[in-house]
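Undergrad: One structure is given below, represented as structure tokens, and several questions about it will come after.
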Amino acid sequence: MPSQEFKNSPAQIELLIMLSEESSEVAKSAAKALRHGLLNYHPNTDEVNKHSIEREIADLLAIVFILSINGDIQIKHISNHLPEAVIKKMNYTYDLRDVYVISALNKRLQQNNYLMSF
């Protein structure tokens, strides 16, 4: 059994649940875009699948931001891993493996540390 010092506070538990929920919402929106098309829309809301993905990613990033404000994670650490993570993910794609694309993305990520603006 973990010692008391490793247990999450009630706030941490709530934020981690929210992080999990928002991650699931991003996955759900991506699955709908795969099934129906990125530019297709929900018949009840007229929201384009692409916009749904963007909205869900914003919700996920909001939780990341709150976790950082709460001192539970550090945006700096995420930013430090981002260029390597992008290249790693790009290497697992078929259409984006072009060396030029990967090097251009890496250069852009290093010049514009987007996450550090949090």
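Undergrad: Out of all the residues in the range 51-91, which are under 14 Å from the mean Cα position of the chain (by Cα), acidic (D, E) and more than 26 Å from K32 (Cα to Cα)?
TA: none
Undergrad: Starting from the range 21-37, keep only residues that are touching a residue at least 60 places away in the same chain (Cβ under 8 Å), then list their pairs with residues that are of a type in the set (A, V, I, L, M, F, W, C) whose Cβ atoms are within a distance under 6 Å, requiring at least 6 positions of separation or different chains.
TA: Close Cβ pairs satisfying both conditions: none exist.
Undergrad: Something else: Does the range 63-74 contain at least one residue that is of a type in the set (F, W, Y) and modelled with pLDDT under 85?
TA: Checked the range 63-74: no residue is of a type in the set (F, W, Y) and modelled with pLDDT under 85.
Undergrad: Let me ask something else about it. Would you pick out the residues in the range 4-53 that are among the charged types (D, E, K, R) and either under 23 Å from V64 (Cβ atoms) or not in a helix (DSSP H, G or I) (or both)?
TA: Taking the range 4-53 and keeping what is among the charged types (D, E, K, R), we get 5, 7, 14, 21-22, 25, 28, 32, 35, 46-47, 50.
Scanning the range 4-53 gives K7, E14, E21, E22, E25, K28, K32, D46, E47, K50.
Undergrad: Which condition from (1) exposed (fewer than 15 other Cβ atoms within 10 Å of the Cβ); (2) at pLDDT 80 or above is the one that Q110 breaks?
TA: (2)
The values are calculated or read from the model by the stated rules, or taken from the named source; none is laboratory data. Remember, predicted model here, so these are calculated numbers, not experimental data. Every residue, glycine among them, receives a Cβ derived from its backbone with ideal geometry; neighbour counts consider all protein chains shown.
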